[in-house]
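*Asks:* I'd like to ask you about the structure that follows.
The values are calculated or read from the model by the stated rules, or taken from the named source; none is laboratory data. Note that the coordinates shown come from a computational prediction; the quantities given were computed from them, not determined experimentally. Here the Cβ positions follow ideal geometry from the backbone for every residue, glycine too, while neighbour counts run over all protein chains shown.
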Amino acid sequence: MEQPYAIEMLNITKRFPGIIANDNITLQLKKGEIHALLGENGAGKSTLMSVLFGLYQPEEGIIKKDGREVSIKNPNDANELGIGMVHQHFKLVDVFTVLDNIIMGVEPTKGPFLQKDDARKKVVALSEKYGLMVDPDALVENITVGMQQRTEILKMLYRENEILIFDEPTAVLTPQEIDELMDIMRGLRAEGKSILFITHKLNEIKAVADRCSVLRKGKYIGTVDVASTSKEELSKMMVGRDVDFVVHKEPAKPGDVVLDVEGVTVASKAHKNNAVKDVSFQCRAGEIVCIAGIDGNGQSELVYGLTGIEPLAAGKIVLKGHDVTHASIRKRSTSGVSHIPEDRHKYGLVLDYSLEDNMVLQRYFEPEFVQAGFLKRKAIRAYAEKLIEQYDVRSGQGPITAARSMSGGNQQKAIVAREIDKNPELLIAVQPTRGLDVGAIEYIHSQIVAQRDAGKAVLLVSLELDEVMALSDRILVMYEGEIVGELDPKTTTVQELGLYMAGAKREGK
Ligand SMILES: Nc1ncnc2c1ncn2[C@@H]1O[C@H](COP(=O)(O)OP(=O)(O)O)[C@@H](O)[C@H]1O
Ligand SMILES: [Mg+2]
């Protein structure tokens, strides 16, 4: 017998100023299936899910639940219908505990009294049943991203939601956490839940999804059975052309030392120990050095120290023979350092500025963009248009789009474009392809290799093992604030790299 549909979104159209985010899209979710939603950045996936969750009202189209038309005017309506959503950017209250976040809005009461013990029992039972390890009493601001996500999932389960939407849940997770999440999703499916799973990662779709629907530029392309569809076929549906999964590069020809890091120590904000402990390495012109490691082993703080966001507790940084240990962020930038930051909202963009103003954030004072104290608006626009075209940055209104309204992947592409186009001596790229689809990853990887081949030094910080193996010429593994090994990507294996990353192996000192 055919599985019945839990949810049907029929002929949905949703417009934003200047763009049709969803153009007549139909998506049918069967009961008890994991249904992947695949599409490039800006394809309209989050918009479609926000329509289902009641955050947006579509101009056209209807939604059916169990074959009956329903009206979803807001998230409360969605919740009543058993629909829950884990958002791309979590929506937890930082200063509340895990437990309070889970029960918020549906606190159990007896008369006027809160029955928190009952709630706690239910949360603990759910977390054991589905392998969702959380500490109910921890404050959200103190827990890892992985635990925040598990809290969001528990929030849906506590509300007994049957339709679970995951909007790019793996973008923020470590490889280990991703494996755990896949197991959790399989467990939820076994309990009869129906899951909509948004991801760019074809491996993840192959690993857990039953069917996959593909969107491209706001349009519905098709729905396929995952087991009988290859990764190549999926990616072709997504980007409309064949995609190359291999990074083409010649052996590196390292030249002079560009970055010399000596005994760098950076204090931690989260705890008493130093986050980076006496780290030394060099990065030469014409090579890509990658810092690999599990999230939270000091990589972020090392980059803060190198870029001037945080002062060093000890050590020295020399850039092309000049000591820049105490130089300001701007001085480092004008001396030839580009930085693709990990946190694109905090350090990458001014969200309330337009896209074009963001493109010249560190350069507006250069003669190309300013004359006698006045910004040359035409020059700035032309420059932004060039980068938008070259890097395929998609947005509703081009250069004048507010950065805030752009999709995460297109924000990322804008930052990468700006930082690489500065033509730096040293490019520090932290998770440069996070959240991007295969087509965009292919382009950015080729640009990073082109930087190297133009004789620039590249320091890549990445949590993606595939990216580390494909791009780097040398790998430095960070564990608990120290560099515990240097590996050659041509001779090492992912397994060996994993042992260093987990602290199970280190080079004798
Ligand atoms: N609130 C909004 N206002 C204006 N434009 C938006 C808004 N949300 C999304 N968009 C635009 O709609 C398109 C689809 O975005 P989105 O659904 O976030 O894509 P995806 O999740 O597939 O990356 C993008 O071009 C994006 O810039
Ligand atoms: Mg999205």
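*Asks:* Just checking: which of the strands (runs of 3 or more DSSP E) contained wholly in the range 214-332 hold 2 or more residues that are under 26 Å from the mean Cα position of the chain (by Cα), farther than 29 Å from Ala470 by Cα and in the same structural domain as Gln176 (by TED's automatic domain parsing)?
*Replies:* Where strands (runs of 3 or more DSSP E) fall fully within the range 214-332 and carry at least 2 residues being under 26 Å from the mean Cα position of the chain (by Cα), farther than 29 Å from Ala470 by Cα and in the same structural domain as Gln176 (by TED's automatic domain parsing), they are 219-225.
*Asks:* Only one of Asn41, Asn24, Asn11 is within 15 Å of Leu215 (Cα to Cα), in the same structural domain as Phe90 (by TED's automatic domain parsing) and near ligand 1 (Cβ under 7 Å from one of its atoms). Can you tell me which? So that I can check it myself, show each step before the final result.
*Replies:* Working: Asn24 fails: near ligand 1 (Cβ under 7 Å from one of its atoms); Asn11 fails: near ligand 1 (Cβ under 7 Å from one of its atoms).
Going through Asn41, Asn24, Asn11 in turn, the sole match is Asn41.
*Asks:* Here's a check for you: in the range 342-384, which residue that is surrounded by 15 or more Cβ atoms within 10 Å (Cβ to Cβ) and among the basic types (Lys, Arg) is nearest to the chain's Cα centre (by Cα)?
*Replies:* Arg344
*Asks:* Only one of (1) under 11 Å from Ile102 (Cα atoms); (2) under 17 Å from the mean Cα position of the chain (by Cα) fails for Phe166. Which number is that?
*Replies:* Just one mismatch for Phe166, condition (1).
*Asks:* Between residues in the range 34-46 that are of a type in the set (Val, Ile, Thr) and residues that are near ligand 1 (Cβ under 6 Å from one of its atoms), which pairs lie under 6 Å by C-beta distance while being six or more apart or on different chains?
*Replies:* none
*Asks:* Look at the range 165-179 and say how many of its residues are more than 23 Å from Phe53 (Cβ to Cβ) and either in contact (Cβ under 8 Å) with a residue 60 or more places away in the chain or touching a strand residue (DSSP E or B) at 6+ places or on another chain (Cβ under 6 Å) (or both).
*Replies:* As a first pass, look at the range 165-179 and keep what is more than 23 Å from Phe53 (Cβ to Cβ): 174-179.
Keeping just the survivors that are either in contact (Cβ under 8 Å) with a residue 60 or more places away in the chain or touching a strand residue (DSSP E or B) at 6+ places or on another chain (Cβ under 6 Å) (or both) gives 174-176.
Residues flagged as more than 23 Å from Phe53 (Cβ to Cβ) and either in contact (Cβ under 8 Å) with a residue 60 or more places away in the chain or touching a strand residue (DSSP E or B) at 6+ places or on another chain (Cβ under 6 Å) (or both) within the range 165-179 amount to 3.
*Asks:* Just one of (1) away from ligand 1 (no atom under 16 Å from the Cβ); (2) modelled with pLDDT under 90; (3) among the charged types (D, E, K, R) trips up Glu162, so point out which.
*Replies:* (2)
*Asks:* Could you grab me the full set of residues in the range 47-88 that are away from ligand 2 (no atom under 16 Å from the Cβ), over 19 Å from Thr13 (Cβ atoms) and touching a residue at least 40 places away in the same chain (Cβ under 8 Å)?
*Replies:* The answer is Lys65, Asp66, Gly67, Asn79, Leu81, Gly82, Ile83, Gly84.
*Asks:* Also, quick follow-up: Are there any pairs, at least 6 apart or on different chains, whose C-beta atoms fall under 6 Å, with the first in the range 98-121 and more than 16 Å from Asn79 (Cβ to Cβ) and the second of a type in the set (Ser, Thr, Tyr) and modelled with pLDDT of 75 or more, and if so, which?
*Replies:* If the second residue must be of a type in the set (Ser, Thr, Tyr) and modelled with pLDDT of 75 or more, the pairs left are Val98/Thr151.
*Asks:* Output yes when any residue across the range 464-483 is within 28 Å of Ser333 (Cα to Cα), modelled with pLDDT under 95 and in contact with a Cys (Cβ under 6 Å, 6 or more places away or on another chain), and no when none is.
*Replies:* For the range 464-483, residues within 28 Å of Ser333 (Cα to Cα), modelled with pLDDT under 95 and in contact with a Cys (Cβ under 6 Å, 6 or more places away or on another chain): present.
*Asks:* Could I ask something else about it? Please go through the range 191-211 and give me each residue that is within 22 Å of Gln3 (Cβ to Cβ) and more than 16 Å from ligand 2 (Cβ to nearest atom), ordered by number.
*Replies:* Glu191, Gly192, Lys193, Ser194, Ile195, Lys206, Ala207, Val208, Ala209, Asp210, Arg211
*Asks:* Would it be correct to say that Ser235 is surrounded by 13 or more Cβ atoms within 10 Å (Cβ to Cβ) and closer than 22 Å to Phe53 by Cα?
*Replies:* Working: surrounded by 13 or more Cβ atoms within 10 Å (Cβ to Cβ): yes; closer than 22 Å to Phe53 by Cα: no.
For Ser235, the condition - surrounded by 13 or more Cβ atoms within 10 Å (Cβ to Cβ) and closer than 22 Å to Phe53 by Cα - is not met.
*Asks:* If I go through the range 484-493 residue by residue, how many of them are touching a residue at least 12 places away in the same chain (Cβ under 8 Å) and either loosely packed, with under 14 Cβ neighbours inside 10 Å or more than 25 Å from the chain's Cα centre (by Cα) (or both)? Give the derivation first.
*Replies:* Here is the first cut: in the range 484-493, the residues touching a residue at least 12 places away in the same chain (Cβ under 8 Å) are 484-489, 492.
Subsequent filtering for residues that are either loosely packed, with under 14 Cβ neighbours inside 10 Å or more than 25 Å from the chain's Cα centre (by Cα) (or both) retains 484-488, 492.
Selection size over the range 484-493: 6.
*Asks:* Still on this structure: Can you tell me how many residues within the range 154-173 are in contact with a helix residue (DSSP H, G or I) (Cβ under 7 Å, 6 or more places away or on another chain) and within 30 Å of Ala292 (Cα to Cα)?
*Replies:* Number satisfying all stated conditions: 5.
*Asks:* Would you check which residues across the range 406-452 are β-branched (Val, Ile, Thr) and in contact with a Ser or Thr (Cβ under 6 Å, 6 or more places away or on another chain) and list them?
*Replies:* Just the residues of the range 406-452 that are β-branched (Val, Ile, Thr), to begin with: 415-416, 420, 428, 430, 433, 438, 441, 444, 448-449.
Scanning the range 406-452 gives Val438, Ile441, Ile444.
*Asks:* Within 16 Å of ligand 2 (Cβ to nearest atom), in contact (Cβ under 8 Å) with a residue 12 or more places away in the chain and either assigned by TED's automatic domain parsing to the domain that holds Gly84 or out of contact with any helix residue (DSSP H, G or I) (no Cβ under 6 Å at 6 or more places or on another chain) (or both) - does that describe any residue in the range 180-189? Step through it out loud before you land on a result.
*Replies:* Taking the range 180-189 and keeping what is within 16 Å of ligand 2 (Cβ to nearest atom), we get none.
For the range 180-189, residues within 16 Å of ligand 2 (Cβ to nearest atom), in contact (Cβ under 8 Å) with a residue 12 or more places away in the chain and either assigned by TED's automatic domain parsing to the domain that holds Gly84 or out of contact with any helix residue (DSSP H, G or I) (no Cβ under 6 Å at 6 or more places or on another chain) (or both): absent.
*Asks:* OK, next. When the residues of the range 115-151 are filtered to those that are outside any helix (DSSP H, G or I) and small (Gly, Ala, Ser), which remaining residue is farthest from Ala190 (Cα to Cα)? Break it down stepwise before answering.
*Replies:* Narrowing the range 115-151 to residues outside any helix (DSSP H, G or I): 115, 131-139, 143-144.
Keeping just the survivors that are small (Gly, Ala, Ser) gives 131, 138.
Values: Gly131: 13, Ala138: 29 Å.
If we take residues in the range 115-151 being outside any helix (DSSP H, G or I) and small (Gly, Ala, Ser), then Ala138 is farthest from Ala190 (Cα to Cα).
*Asks:* Please go through (1) assigned to a loop (DSSP other than H, G, I, E, B); (2) farther than 24 Å from Ser333 by Cβ; (3) within 16 Å of ligand 1 (Cβ to nearest atom); (4) not small (Gly, Ala, Ser) for Val393 and return the number of the only condition it doesn't satisfy.
*Replies:* With (1) assigned to a loop (DSSP other than H, G, I, E, B); (2) farther than 24 Å from Ser333 by Cβ; (3) within 16 Å of ligand 1 (Cβ to nearest atom); (4) not small (Gly, Ala, Ser) applied to Val393, the lone miss is (2).
*Asks:* Moving on. Taking the criterion of being assigned to a helix (DSSP H, G or I) and touching a helix residue (DSSP H, G or I) at 6+ places or on another chain (Cβ under 8 Å), would at least one residue in the range 366-379 satisfy it?
*Replies:* Taking the range 366-379 as the starting set, the residues that turn out to be assigned to a helix (DSSP H, G or I) are 377-379.
Next, from what is left, pick out any that are touching a helix residue (DSSP H, G or I) at 6+ places or on another chain (Cβ under 8 Å): none.
Within the range 366-379 (the criterion being assigned to a helix (DSSP H, G or I) and touching a helix residue (DSSP H, G or I) at 6+ places or on another chain (Cβ under 8 Å)), the answer is no, since none of the residues qualifies.
*Asks:* Okay, next question. Filter the range 418-443 for residues that are within 16 Å of ligand 1 (Cβ to nearest atom) and in a helix (DSSP H, G or I) and give the result. Break it down into steps so the answer makes sense when it comes.
*Replies:* Start the filter on the range 418-443 by keeping residues that are within 16 Å of ligand 1 (Cβ to nearest atom), which leaves 433-441.
Once the filter is applied, which keeps residues that are within 16 Å of ligand 1 (Cβ to nearest atom) and in a helix (DSSP H, G or I), the range 418-443 yields Val438, Gly439, Ala440, Ile441.
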